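Colleague: Take a look at the following structure, please.
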Amino acid sequence: MSLDNEKLLKNCQKILIDNRRGSYTLPAEGIYPHQWLWDSCFMSIGLAHFDKAAAKQELKSLARGQWANGMLPCIIFAKDLRYGLDRYFWDSKRNLDAPKKIATSGITQSPMLAEAVIKIGKQLSVAEKNDWYKSMFSVIVKYHQWLYQERDPDNTGLVFQIHPWEVGLDNTPPWISEIRNLHKPWWLPIIRVLPVDLAMSLLRRDTRITNKKQRISNIDALFYFDIILRLRKADYLIDEFVENNDWILQDLTYNCILMRANQHLRTIADAIGKKLPDDLSQSVKLTENALNKLWDEDDSEYYSRNYATKKLVKQTSIASLMPLYSQSISHPRAIKLVEKLHEQNQFAVPFPVPTVPVNSKWFSEHSYWQGPAWINTNWLIVQGLRNYGFNKEAKLIADKSLELVAEHGCWEYFSPLDGTPVGAKNFSWTAALAIDFLKS
Ligand code: GLC
């Protein structure tokens, strides 16, 4: 490794060490004071390269938040009194399946756990790896069983999400457009004429700490809070909620991650000589071909789908490239997706990969998940490209990601046009995945 890369590696390791709080790591000091599900999975992938015990502990720490029904919540709240309002806002203990001793959110997040378990396994001896797999197997099995039972009641092979936070790409165009078109809360006309910005600045930690032009708008944030309040009112029991809300999506990114996770779960099961429960095995089989339902032949593109109407939500975003990560599409389809990466009016920009193509009406270079390049989505695409043998494209994205981090530090996201760093600084998954890029 070059001297520059050694220095970069040390800087990234230091961020993860500094952001560590006991058994887990914060996404970033101040702005994100709790443990998040997919963040911890990404972090553990970086940690595994220099502190295997911490990497394992990071995921074990996620398991303590698992609900009795199997759900892994997107947030496990810090005990710190300063953040009592966050716990109070969610109040997920209304649901009898929520853990008794710790406070969590009442919704989940993208299922990266199996990938993280496998990546840690790669750093262990065979005996250690088997022990590690054994200790995590039932956590993942229960989680995936819950996903299918609650989120795929019609056995389509695709699971639905009840909030954009469940995917983790908060204001990505497919979700924002569906919610704005279909969700008409009674308070909307009133709020439009009120000065909501002041009230929201008290409620929102992100816009106090970072530039509000780089975050989700206040009206969209209100939609998101409103959905949580309504879920909370239903004690996080979702049957009626799903019937009454027609903007719920079978999200493309989420389902691609689940497909890859299922493949990893099978690898784990085989390694330790276990079988998947029959119900899960059947669901996993259905999922293998389910992406075809999200393919639009005319546009040569995959999209998310509205759960109620089964109509594709034709808003292009970085999700269009995620089927590469799923590793469950044909090579000819993979070639079609890679062509998009080469298109200058779509994803071929100086610092790829923009979270929205540059020719989209939604594109905005500094605006959260509506344009900026993020290191976690880059990492997912790089894994997919490598698996399909597109090594040149994978190397370009990994190198450009490292260039951004070396030049500016581990920011939350970056302008894809000139690399300007945006959002929170010393962001843990940026550090962790830069470490993985340096080491693989
Ligand atoms: C934001 C991101 C989400 C992430 C969380 C913590 O909400 O959109 O993906 O998990 O912050 O970093």
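The values are calculated or read from the model by the stated rules, or taken from the named source; none is laboratory data. Predicted, not measured: the structure shown is a model, and the values here were computed from it. We place every Cβ from the backbone using ideal geometry, glycine too, and count neighbours over all the protein chains shown. In case anyone asks, the SASA skips ligands and DNA or RNA and just uses the protein heavy atoms, side chains included. Shrake-Rupley method; radii C 1.70, N 1.55, O 1.52, S 1.80 Å.
Colleague: Would you please list the contacts, defined by Cβ atoms under 6 Å and residues six or more apart or on different chains, that run from a residue in region 62-75 that is under 11 Å from TRP146 (Cβ atoms) and within 16 Å of the ligand (Cβ to nearest atom) to a residue that is in a loop (DSSP other than H, G, I, E, B) and open to solvent by 30 Å² or more (accessible area, probe 1.4 Å)?
Modeller: Matching pairs, first to second residue: LEU72/GLN66.
Colleague: Further question: Of the residues that make up region 318-341, is at least one within 16 Å of the ligand (Cβ to nearest atom), touching a residue at least 12 places away in the same chain (Cβ under 8 Å), in contact with a helix residue (DSSP H, G or I) (Cβ under 9 Å, 6 or more places away or on another chain) and assigned to a strand (DSSP E or B)?
Modeller: The answer is no, given that none of the residues of region 318-341 is within 16 Å of the ligand (Cβ to nearest atom), touching a residue at least 12 places away in the same chain (Cβ under 8 Å), in contact with a helix residue (DSSP H, G or I) (Cβ under 9 Å, 6 or more places away or on another chain) and assigned to a strand (DSSP E or B).
Colleague: Considering only residues that are open to solvent by 20 Å² or more (accessible area, probe 1.4 Å), among the polar types (S, T, N, Q) and either modelled with pLDDT under 95 or within 16 Å of the ligand (Cβ to nearest atom) (or both), which ones fall in region 346-369?
Modeller: Within region 346-369, SER364 is the sole residue that qualifies.
Colleague: If a residue counts only when it is under 28 Å from GLY384 (Cβ atoms) and modelled with pLDDT of 95 or more, which helices (runs of 4 or more DSSP H) contained entirely in region 28-127 have at least 1 such residues?
Modeller: Details: elements: 37-47, 52-63, 84-90, 113-121.
Helices (runs of 4 or more DSSP H) meeting the threshold: 37-47, 52-63, 113-121.
Colleague: Here's a follow-up. For region 153-169, what are the residues that are of a type outside the set (Gly, Ala, Ser) and either at pLDDT below 95 or open to solvent by less than 10 Å² (accessible area, probe 1.4 Å) (or both)?
Modeller: Of the residues in region 153-169, the ones of a type outside the set (Gly, Ala, Ser) are 153-156, 158-167, 169.
Once the filter is applied, which keeps residues that are of a type outside the set (Gly, Ala, Ser) and either at pLDDT below 95 or open to solvent by less than 10 Å² (accessible area, probe 1.4 Å) (or both), region 153-169 yields LEU158, VAL159, PHE160, GLN161, ILE162, HIS163, PRO164, GLU166, VAL167, LEU169.
Colleague: Tally the residues that are among the aliphatic types (A, V, I, L, M), surrounded by fewer than 17 Cβ atoms within 10 Å (Cβ to Cβ) and touching a Phe, Trp or Tyr at 6+ places or on another chain (Cβ under 9 Å), restricting the search to region 31-79.
Modeller: Residues flagged as among the aliphatic types (A, V, I, L, M), surrounded by fewer than 17 Cβ atoms within 10 Å (Cβ to Cβ) and touching a Phe, Trp or Tyr at 6+ places or on another chain (Cβ under 9 Å) within region 31-79 amount to 0.
Colleague: Only one of GLU393, GLU407, GLU412 is open to solvent by 10 Å² or more (accessible area, probe 1.4 Å) and more than 19 Å from TYR325 (Cβ to Cβ); which? Before the answer, list the steps.
Modeller: Numbers: GLU393 fails: more than 19 Å from TYR325 (Cβ to Cβ); GLU412 fails: open to solvent by 10 Å² or more (accessible area, probe 1.4 Å).
Among GLU393, GLU407, GLU412, only GLU407 is open to solvent by 10 Å² or more (accessible area, probe 1.4 Å) and more than 19 Å from TYR325 (Cβ to Cβ).
Colleague: Now a separate question. Scan region 350-367 for residues that are out of contact with any Asp or Glu (no Cβ under 9 Å at 6 or more places or on another chain) and without any contact (Cβ under 8 Å) to a residue 60 or more places away in the chain and jot them down.
Modeller: LYS361, PHE363, SER364
Listed here are the residues, each with its yes/no results for (1) open to solvent by less than 30 Å² (accessible area, probe 1.4 Å); (2) more than 20 Å from GLN149 (Cα to Cα); (3) acidic (Asp, Glu); (4) touching a helix residue (DSSP H, G or I) at 6+ places or on another chain (Cβ under 6 Å).
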residue	(1), (2), (3), (4)
ARG208	no, yes, no, no
ARG215	yes, yes, no, yes
ASN218	yes, yes, no, yes
ASP226	yes, yes, yes, no
ARG232	no, yes, no, no
GLU243	no, no, yes, no
ILE268	yes, yes, no, yes
LEU280	yes, no, no, yes
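Colleague: Next up: Which condition from (1) at pLDDT 95 or above; (2) surrounded by fewer than 23 Cβ atoms within 10 Å (Cβ to Cβ); (3) within 16 Å of the ligand (Cβ to nearest atom); (4) farther than 21 Å from ALA406 by Cα is the one that TYR24 breaks?
Modeller: Unmet condition: (2).
Colleague: On to the next question. Report, by residue number, each residue of region 372-416 that is away from the ligand (no atom under 14 Å from the Cβ), within 19 Å of THR210 (Cβ to Cβ) and assigned to a loop (DSSP other than H, G, I, E, B).
Modeller: If the condition is that a residue be away from the ligand (no atom under 14 Å from the Cβ), within 19 Å of THR210 (Cβ to Cβ) and assigned to a loop (DSSP other than H, G, I, E, B), then GLY409, SER415, PRO416 are the ones that fit.
Colleague: Tell me the residue from ARG87, ARG82 that is open to solvent by 10 Å² or more (accessible area, probe 1.4 Å), of a type in the set (Lys, Arg) and within 22 Å of GLY423 (Cβ to Cβ), please. Quick ask: steps written out before the conclusion?
Modeller: On the way: ARG87 fails: within 22 Å of GLY423 (Cβ to Cβ).
Only one candidate qualifies: ARG82.
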